[in-house]
Amino acid sequence: MVKKFKGLEKIEVELKDEVYKGIVMPNSDSETLFLKLESGYNVGINIKDIKKVKILDKKIDIKSSTVKVKHNKNLPTVSILHTGGTIASKVDYNTGGVVARFEPEELVSMFPELEKIANIKSIFVSNVFSENLRFKDYVNISKAIEKEIKSGVKGIIIGHGTDTMHYSAAALSFMFDNLPVPVVLVGSQRSSDRGSSDAALNLINATYFIANTEFTGVAICMHKDINDDTCLIMPALKTRKLHSSRRDAFKIINDEAIAEVNYSKNKIKMIKELKNEKGAWKSKNKFEEKVGILRTYPNLNSKQIESFKGYKGLVIEGTGLGHISIDNSPENKKIFNALKKLSKSCVIVMTSQCIFGRVNMNVYSTGRELQKIGVISGEDMTTETAYIKLAWLLGNYKKDQVKQMISTNLKGEINKRIGLEFI
Amino acid sequence: MIMINYKELGFKSGLEIHQQIEGRKLFCKCPAIVNDENEPNIKFKRKLRAIAGETGKIDRAAEFEMSKDKEVIYEACSSSSCLVEYDEEPPHELNKDSLDIALQICLLLNCKVVDSIQFMRKTVVDGSNVSGFQRTALIGTNGFINTSKGKVNIETVCLEEEAAKKVKEENNSITYRLDRLGVGLIEIATAPEIKDSEHAREVASIIGMILRSTGKVKRGIGSIRQDVNVSIKGHNRIEIKGFQDLKNIPRTIDNEIHRQLKTKNEEGHVRKANPDFTTEYQRPMPGASRMYPETDIKIIKITKKMLDSLELPELISEKTNKFIEKYKFSEELSRELIKMDIDFESYIHKFSKVNPEFIANVLVEVRKEIQSRFDKEVTIPMIENALGYYNEGKVGKDAVYEILVDFATKGDADLKKYEQVDEKEIEKEIKEIIHKNKNLSFGALMGEIMKKYRGKVDGKKASELLNKHLKQ
């Protein structure tokens, strides 16, 4: 009797002693009917207890009204590419569902400040959780960027889920040479359907930064701290998500911010000197699929190393200055031999699970032994950046070139002079 | 004041009662501290945005707050808040103890508990919720309580989060403290079936008694709040908030009726109850609540097994009646005893040779008197010790008071002082006193005797003996 409801019907259900009137929610299952009552509350009702159902309205209308966006010829144009995540989602109070919104009108009605900063173009690329992204998605995003560059926009914002935003930022950094526009990745840790979302500040500050600076290249724009005022423009290759839920989850590793932006105070503080690349832009968008990451830990089993047989690249996230257990105890010896064998066909790069600081494989004998069998220092690259760099290099260059390029700074991924910056 | 004919005026009134729950907060493990004694060691600033719904319209109350366009400053103590309160971490699972309390209350109010509980986000943009919404769930519907003027229906029982407390408001900023944010709150709404202003007080008092009967709700100022909805024929509903005392409800309602009679029909709004029984305009009535599901919290199915396993507490009113019927205590003494939250029956077993009324009096009256006379605390263990000596026959009835005074003021009591004296010895002494003071009155003689034997002889006994020897 209840199964035939698709959702959004206004009904009245009669139970033994009670009568409930409300709108059928789409999440009702075979045992429970969820009704949104007039008070706004949702309640679950056991379907088997329902005595009678009366349909009051076959399907309620969902109204949607948005503002009209006018082109302002005095303002630059900024394209927002949507790849997923919670940057632009809105609540439908009739169903209680959260719906992603991609039309520029919707964006401007949600974030009216944008209209005063730039003309907004909004482009749908994909709508996926960032943990589901694959290399082919990076290629799709890069193609969308190319299209926008050609259309002559001042800059590009990429709305992105935060979980793997730093991987995507690294991928885009390597894929483009001489990027002529800013490409700023923006995420949010609190979805934009709520009044306290960090999406608005991140998006507005990113747009303001693009519209008012000459920066070109890839960056990430997120909260500086837990206050809703300042965002950091962070270097794409030196940034990592370091907290599962805070709005200032992204921290710069072994580097400093490009700029600090506070739209409400009309303030942009440039921190890093801009080194804009000159020359015609181009992109190389191939990635090697057979690249992996191995995090070492006490009592590691050699089978873990052996499982990378056939891989072209491996990033080992070692301990401390860049170590993995390779002494003479039986299992560790097996690990050493497996590594030695693997390194003949696979480029092995060492990073540190300390996250901050540089790998130095000269200090202890372990490091020196690893170097002897071909393990290359990842310098001060984060594991995520090293992984993306290795996959991109192996996709576009020969193995010998890769071995040389991996520890050479190409796009700012390696900082030869680390200062006192820490958490 | 003129007599009010409520029926003729079309008086309509219902209550909404909010009660804080003891224990831990609803969606994190922070203690449910309402006023943290520590200085705030955390401070941050936020900007809340009004989120327009599908109709493109922003809620009226929300708009009112937005028009202020203020920066919100939050102060917090790490002892009573964590990332969940700062909206920097999703809510943890619902506190099971709080759910049990809410379910108990539903059953005590004769409500039907919903089959599945879904927490909702109720949009709040005044800054009192860091997240921009209050988490709330409908737990029970269709209940009732019995009152002296008939049944009053309970429309809903909800379980929700307490909001942050406003501590400062300036031109362009508003400051909240986060101590109480997230403390569990039971919200009970009655049907608009209250008959008159005195009835409103009674209904509030009965519901308060039922809530306190669980023994798991907060006590003291601000831990329970009563909002009263009032309207008369031809007038919109007015909500009165902020009663400091239940006793103020009837006069405040009556004043509001007179105010409504004197004014033209206004738009419904919220008024603040003043201590002088008047009310003042506070803010417009919130529009229909904007709610959408809190997807960070799992839907909770309520099974029959869960409900059957709940132990329902004995109501305070039932306990009071039991004391009155069983021990013939006065209503006031019974109430005071229950307030003390002790197991009175166990005292009767423990001090089986002592009259129950005497035990009750020591626990309530004697304790109060010594405390106010010496400004020193009389603890339950002190009372247990003193009653124990009396029960074992080590001291007399009157010594109980003296021992408690010694305990409270000196921390110890010398029992030797109060050891019962042999009756023959006292009789001898009485004879002597009578002999020496032939001209003294009975009262003065008693005074002489008690001066010597205070605590060592029961006053009643001494007076009997004195009488006996005077007659001789």
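Mind checking A:191-201 for the average number of partner chain beta-carbons within 10 Å of each residue's beta-carbon?
Taking the mean over all residues of the peptide, I get 6.
Based solely on C-alpha atoms, express the radius of gyration and the Dmax of region B:423-471 in angstrom.
Cα radius of gyration and Dmax of region B:423-471 are 9.5, 26 Å respectively.
Taking Cα atoms of region A:77-283, Rg/Rh with Kirkwood Rh, to two decimals?
0.93
Taking 23 Å as the cut-off for C-alpha to C-alpha distance, list the pairs among B:Lys112/B:Lys218; B:Lys25/B:Lys122; B:Lys29/B:Lys241; B:Lys47/B:Lys96 that go past it.
In this structure, B:Lys112/B:Lys218; B:Lys29/B:Lys241; B:Lys47/B:Lys96 exceed 23 Å between Cα atoms.
What Rg and what Dmax come out for the protein assembly as shown when only alpha-carbon atoms are used, in angstroms?
According to the Cα coordinates of the protein assembly as shown, Rg and Dmax are 37.4, 131 Å.
Which of A:Ile233, A:Ser142, A:Val99 sits farthest toward the positive end of the charge dipole of region A:77-283, with +1 on the Cβ of Lys and Arg and -1 on the Cβ of Asp and Glu?
A:Ser142
Once you charge only the Cβ atoms, +1 for Lys and Arg and -1 for Asp and Glu, what is the size of the charge dipole of chain A about its Cα centre, to the nearest 20 debye?
Result for chain A is approximately 1200 debye, rounded to the nearest 20.
Using all alpha carbons of region B:117-212, what is the percent of pairwise distances in each 10 Å bin, ordered from the shortest bin to the longest?
Each 10 Å bin holds this share of Cα pairs: 14, 34, 28, 20, 3, 0.
Summing -39500 (n - 2.57) over the DSSP H runs of n ≥ 4 in the protein assembly as shown and dividing by its residue number, what mean residue ellipticity at 222 nm do you reach, to the nearest 500 deg cm²/dmol?
-9000 deg cm²/dmol
Quick check: with the 1.4 Å probe, what order do A:Trp281, A:Trp392 take by accessible area, largest first?
A:Trp281, A:Trp392
Place a +1 charge on the Cβ of each Lys and Arg in region A:291-405 and a -1 charge on the Cβ of each Asp and Glu, then give the dipole magnitude about the Cα centre in debye, rounded to the nearest 20.
For region A:291-405, the charge dipole is close to 480 debye.
Would you work out which of A:Asn42, A:Ile55, A:Val24 lies farthest towards the positive end of the dipole of region A:10-57? Charges go on Cβ: Lys and Arg +1, Asp and Glu -1.
A:Ile55
Above 43 angstrom, tally the Cα pairs of chain A and express them as a % of all pairs, no decimals.
Cα-Cα pairs of chain A separated by over 43 Å account for 27 percent.
To the nearest 10 square angstrom, how much accessible area does B:Lys436 have with a 1.4 angstrom probe?
About 150 Å², ignoring ligands and nucleic acids.
In nm, what is the difference between 0.36 nm times the number of residues separating A:Val128 and A:Lys54 and their Cα-Cα distance?
Extra length available between A:Val128 and A:Lys54 comes to 22.7 nm.
Work out from phi, with θ = phi - 60° and the Karplus expression 6.51 cos²θ - 1.76 cosθ + 1.60, the ³J(HN,Hα) of each residue of region A:148-162, listed in order in whole Hz, and give x for Gly and Pro.
Taking θ as phi minus 60°, the curve returns 5, 4, 4, 6, x, 6, 6, x, 10, 10, 10, x, 9, x, 7 Hz for region A:148-162.
Counting only other chains, and only Cβ atoms inside 10 Å, what mean value do you get across the residues of A:41-51?
5
Ignoring any ligand, DNA or RNA, what whole percent of the accessible area of region A:10-57 comes from carbon and sulfur when the probe is 1.4 angstrom?
The C+S portion of the solvent-accessible surface of region A:10-57 is 46 percent.
Using the alpha carbons of region A:123-198, what is the convex hull volume per residue in cubic angstrom, as a whole number?
Residue-normalised Cα hull volume stands at 99 Å³.
Measure of size requested: the Rg and Dmax of chain B, with Cα atoms as the atom set and Å as the unit; please supply both.
29.4, 101
Take B:Lys436 and B:Glu384, extend 7 Å from each Cα along the Cα→Cβ direction, and tell me the distance between the two endpoints in nm.
If labels sit at B:Lys436 and B:Glu384, their model points lie 4.3 nm apart.
Count the lysine pairs in region A:10-57 whose Cα atoms lie under 18 Å apart, taking only pairs 8 or more positions apart in sequence or on different chains.
Lysine pairs, 8 or more places apart or on different chains, close enough: 16.
When the Cα atoms of region B:316-418 are enclosed in a convex hull and the volume is divided per residue, what value in Å³ results?
91 Å³
List, by residue number, every residue in region B:295-309 with a reduction of 40 Å² or greater in accessible area between the chain on its own and the complete protein assembly, 1.4 Å probe.
Residues passing the criterion (a loss of at least 40 Å², heavy atoms only) are B:Lys301.
Might you work out the accessible area of A:Cys221 for me, using a 1.4 Å probe with all protein chains in place, and round it to the nearest 10 Å²?
0 Å²
Aspartates and glutamates near A:Lys73 by alpha-carbon distance under 15 Å, same-chain residues fewer than 8 away left out - which ones?
Reachable aspartates and glutamates: A:Glu115.
For region B:374-472, with equal point scatterers placed on the C-alpha atoms only and solvent neglected, what are the log10 I(q)/I(0) values from the Debye formula at q = 0.11, 0.20 1/Å, to two decimals?
The Debye formula, applied to the Cα set alone, gives -0.38, -0.92.
Are there cysteines in chain B with no second cysteine's Cβ under 4.7 Å away, and if so, which?
Taking the Cβ cut-off of 4.7 Å, the unpaired cysteines of chain B are B:Cys28, B:Cys30, B:Cys77, B:Cys82, B:Cys158.
Under a straight-distance cross-link criterion of Cα-Cα below 12 Å, which aspartates and glutamates are reachable from B:Lys195, leaving out those fewer than 8 residues away in the same chain?
Counting by Cα, and skipping residues close in sequence, B:Lys195 has these aspartates and glutamates nearby: B:Glu8.
Looking at the P(r) of region A:202-302, how many percent of alpha-carbon pairs lie beyond 24 Å?
Tail of the P(r) past 24 Å holds 39 percent of the pairs.
Check B:Ile154: other-chain or 5+ apart residues with amide H under 5 Å from its amide H, H built from backbone geometry?
B:Gly143, B:Phe144, B:Ile145, B:Ala191
With a 1.4 Å probe and all protein chains in place, put B:Glu37, B:Glu8, A:Glu260 in order of accessible area, largest first.
I get B:Glu37, B:Glu8, A:Glu260, largest accessible area first.
Using unit Cβ charges (K, R positive; D, E negative) and no other charged atoms, how large, in debye to the nearest 20, is the dipole of region B:319-391 about its Cα centre?
In total the dipole reaches around 140 debye.
From Cα pairs below 8 angstrom and at least 6 apart in sequence, can you work out the relative contact order of chain B, rounded to a whole percent?
Normalised by residue count, the contact order of chain B is 15 percent.
Roughly how crowded by other chains is peptide B:102-114, in terms of the mean Cβ count from those chains within 10 Å of each of its Cβ atoms?
What the average comes to for B:102-114 is 1.
Place +1 on the Cβ of every Lys and Arg and -1 on the Cβ of every Asp and Glu in chain B, take the dipole about the Cα centre, and give the residue among B:Gly132, B:Ser173, B:Gly215 whose Cα lies farthest towards its positive end.
B:Gly215
Past 26 Å, Cα to Cα, is the threshold; run A:Lys58/A:Lys90; B:Lys165/B:Lys272; A:Lys136/A:Lys269; A:Lys143/A:Lys238; B:Lys424/B:Lys452 against it and keep the listed order.
In this structure, A:Lys136/A:Lys269 exceed 26 Å between Cα atoms.
Can you tell me the mean projection area, over all orientations, of the convex hull of region A:265-386's alpha carbons? Units nm², please.
If I average the Cα hull's projected area over directions, I get 11.4 nm².
Heavy atoms only, probe 1.4 Å: what % of the accessible area of chain B goes to carbon and sulfur, would you let me know?
Carbon and sulfur together cover 48 percent of it.
List the residues of region A:227-269 that lose 20 Å² or more of accessible area once all protein chains are present, compared with their chain alone (1.4 Å probe, heavy atoms only, no ligands or nucleic acids).
Buried-area filter returns A:Asn227, A:Asp228, A:Asp229, A:Ser245, A:Arg246, A:Arg247.
Assuming 0.692 mPa s and 37 °C, estimate D for region A:261-310 with Stokes-Einstein, Rh taken as the Kirkwood radius over Cα pairs, in µm²/s.
192 µm²/s
Could you report the accessible area of A:Arg295 in Å², rounded to 10, computed with a 1.4 Å probe on the protein chains as they sit in the structure?
My reading of the accessible area for A:Arg295 is about 130 Å².
The values are calculated or read from the model by the stated rules, or taken from the named source; none is laboratory data. Quantities reported herein were computed from a predicted structural model and do not represent experimental measurements. Positions of Cβ are generated from backbone atoms using ideal geometry, with glycine treated the same way; all protein chains shown enter the neighbour counts. For the accessible areas, the whole protein counts, side chains as well, though only heavy atoms, and no ligand, DNA or RNA atoms are used. Shrake-Rupley method; radii C 1.70, N 1.55, O 1.52, S 1.80 Å.
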